[in-house]
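In what follows, a single structure is set out as structure tokens and then discussed.
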Amino acid sequence: MPAVGHPGSAPAGGVRAVSSTVARHRAAGGAEGKDCVALSTSTGRGAVRADLEEVFRASYPRVVAVAARVLGSRDEAEDVAQEVFLSFGRSSVPAGEAAGWLSVAAAHTALNHLRTGRRRSSREEAAGHDVVAPDAAEAVVSLDERRRVRSALARLPRKQAVALVLRHSGLSYSEVAAALDLSPGSVGTTVRRAESALRKELNHHASSD
């Protein structure tokens with residue numbers, strides 16, 4: 001699967017954006033109290049959970065890493081992370097389940113971006129057209145292969161795709177099992193089936209080109 005550089009720590013700008021969201025929502029509904037937690041709504045209105053910034057700082061690197069595994073772009077992965085944390089901030093997910101919920105949400109959101117075409121031009125793709133290397137043809141082929149893998153990933157059954165993304169993002173079998181509500185023993189089977197389905201998708205589209 002496509003890989004990008006290590007996402008590092010949560011950026012100050014991202015923390016400020018989340019903090020600003022927390023402040024705005026609390027200012028609008030301050031009478032509800034600072035520890036109020038509300039379910040997310042379609043309008044985006046409602047109280048923001050008190051632990052949002054703490055969870056953001058702790059989980060941001062993993063969320064970006066999961067999204068980047070799907071999208072192959074750090075910039076786009078950060079966009080997904082913002083969406084995911086804003087949704088989390090308006091959710092009632094128990095604090096102890098936050099890490100798993102965020103990882104799954106990152107995978108789902110990134111896959112949605114692939115499937116609906118909601119992607120902006122990435123630095124990776126822009127660089128691919130202007131590459132200066134000993135073998136420019138090899139660089140172009142490599143970029144095209146990454147695109148084919150992402151396209152095939154978007155066509156997999158959703159649970160298989162998410163399991164594959166989480167596992168290849170570094171989550172353990174037990175973490176994937178907890179995040180997807182699977183038995184630990186079934187994770188390996190699910191991932192292997194996803195890998196097999198991904199290979200079939202790649203071979204099918206390669207033969208039809």
Run down V37, V4, V15, V80 and say which single residue is at pLDDT 60 or above and either buried (at least 18 other Cβ atoms within 10 Å of the Cβ) or not hydrophobic (A, V, I, L, M, F, W, C) (or both). V80
So G46 ticks every box in (1) under 19 Å from the mean Cα position of the chain (by Cα); (2) at pLDDT 55 or above but one. Which box is left unticked? (1)
If only one of L171, L153, L143, L164 is of a type outside the set (D, E, K, R), closer than 21 Å to P61 by Cβ and in a helix (DSSP H, G or I), which one is it? L164
Can you name the residue in the range 85-101 that is small (G, A, S) and part of a helix (DSSP H, G or I) and, of all such residues, is surrounded by the fewest Cβ atoms within 10 Å (Cβ to Cβ)? G96
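Residue-wise test of (1) at pLDDT 80 or above; (2) surrounded by 17 or more Cβ atoms within 10 Å (Cβ to Cβ); (3) assigned to a helix (DSSP H, G or I).
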position	(1), (2), (3)
S103	yes, yes, yes
T109	yes, yes, yes
E125	no, no, yes
G128	no, yes, yes
R147	yes, no, yes
Expected output for the range 83-105 (first residue touching a residue at least 60 places away in the same chain (Cβ under 8 Å) and over 12 Å from V48 (Cα atoms), partner in a loop (DSSP other than H, G, I, E, B) and acidic (D, E), Cβ below 8 Å, 6+ apart or cross-chain) is none
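The values are calculated or read from the model by the stated rules, or taken from the named source; none is laboratory data. What you are looking at is a predicted structure, and each value in this text was computed from that prediction instead of being measured. Because the Cβ atoms are built from the backbone with ideal geometry, glycine has one as well, and the counts that use them run over all protein chains shown.
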